[in-house]
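The values are calculated or read from the model by the stated rules, or taken from the named source; none is laboratory data. Because the structure is predicted, anything quoted here is derived from the model rather than measured. FYI the Cβ positions are ideal-geometry reconstructions off the backbone, even for glycines, and counts take in every protein chain you see. Each accessible area value is taken on the protein alone, full model and side chains, heavy atoms only, with ligands, DNA and RNA left out. Shrake-Rupley method; radii C 1.70, N 1.55, O 1.52, S 1.80 Å.
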Amino acid sequence: MSDPVKTPATAPRSLAERAYLAIRDQLVMLDIAPGEPINEDALARGLEVGRTPVREALKRLENERLVAVFPRRGTFATDVNIADLGHIFEVRHTLEPMAAAMAAERASNAERALLAALLEKLDDDVERTPSDALMRLDLDVHRAIYHSTGNPFLEDTLIRYDNLATRIWCVFLPRLKTMAGHIAEHRFLIQAVLDGDHDAARHVAASHVKDFETAIRAVI
């Protein structure tokens, strides 16, 4: 596949924001495994920041259910509880189609250019793409669509639930046989958004979320 597609341009980030984004994605992709203790010093060294930005990041991640703090024990990556799947699905089944429809109506030229670049990556041979790269591409597509809604509150909410869903997906990844096909579905979603077809975008997003839950439940 080609080089990673850049995310939408943002203002310069603070050290705490940089730490938050980096640690968040390590947790989402299970680079920090569920239940693993969080070593603030090691994270600070790896990210080349002080402990204060790391601590600020961890406070945010605790609110997002990605880390848990236990008095006198420390901070740990939260476990992945399959019982949460139904709750996460209920939220995403309602909000993902709405976001896709909004993106089809509201995406700016810059956001459409990003989505078009992601579509080109999806046209590469996903069958030969490593699973971790596919997962990161999945995150990029969802986040680009959320950003294209123009609603930062909806964007933040959907990123939070997509992160939790992705952790579940990563846990069961070795047992899944439809990973490439699931990611390839994004082609239809992005094309609907680029076409400005909000009804098609809504329908494809709803089917995509349903397919995710079905795939996971099939291997539980």
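Of note:
- Based on the reciprocal of the average 1/r between different C-alpha atoms, the Kirkwood radius for the chain equals 18.0 Å.
- Tilt relative to the chain, helix 152-172 - C-alpha long axis, 0 to 90 degrees, to 10: 80 degrees
- Temperature 25 °C, viscosity 0.890 mPa s: under these conditions the Stokes-Einstein estimate for segment 98-144, based on its Kirkwood radius over C-alpha pairs, is 212 µm² per second.
- Calculated over segment 1-130: convex hull of Cα atoms, volume per residue (Å³): 164 Å³
- Shown is the FRET efficiency for A33 and D156, computed with R0 = 35 Å from the Cβ-Cβ distance and rounded to the nearest 0.05: 0.85.
- When the solvent-accessible area of segment 123-220 is split by element, carbon and sulfur atoms take up 52 percent of it, the probe being 1.4 Å.
- Enclosed volume per residue, in Å³, of the convex hull spanned by Cα atoms of segment 170-220: 62 Å³
- Additional length obtainable on full extension of the chain from V69 to E90, 0.36 nm per residue less Cα span: 4.9 nm
- Selected from N151, Q191, L66, residue furthest toward positive end of dipole (the chain; charges at beta carbon): L66
- Computed about its Cα centre, the charge dipole of the chain is approximately 680 debye, with only Lys, Arg, Asp and Glu carrying charge at their Cβ.
- Entry note, segment 78-211: relative contact order of 46 percent, from Cα contacts under 8 Å with a spacing of 6+ residues.
- Charging the Cβ of each Asp and Glu at -1 and of each Lys and Arg at +1, and nothing else, the dipole of segment 181-220 about its Cα centre rounds to 160 debye.
- Neighbourhood net charge (13 Å Cβ-Cβ; Lys/Arg +1, Asp/Glu -1) for G196: -2
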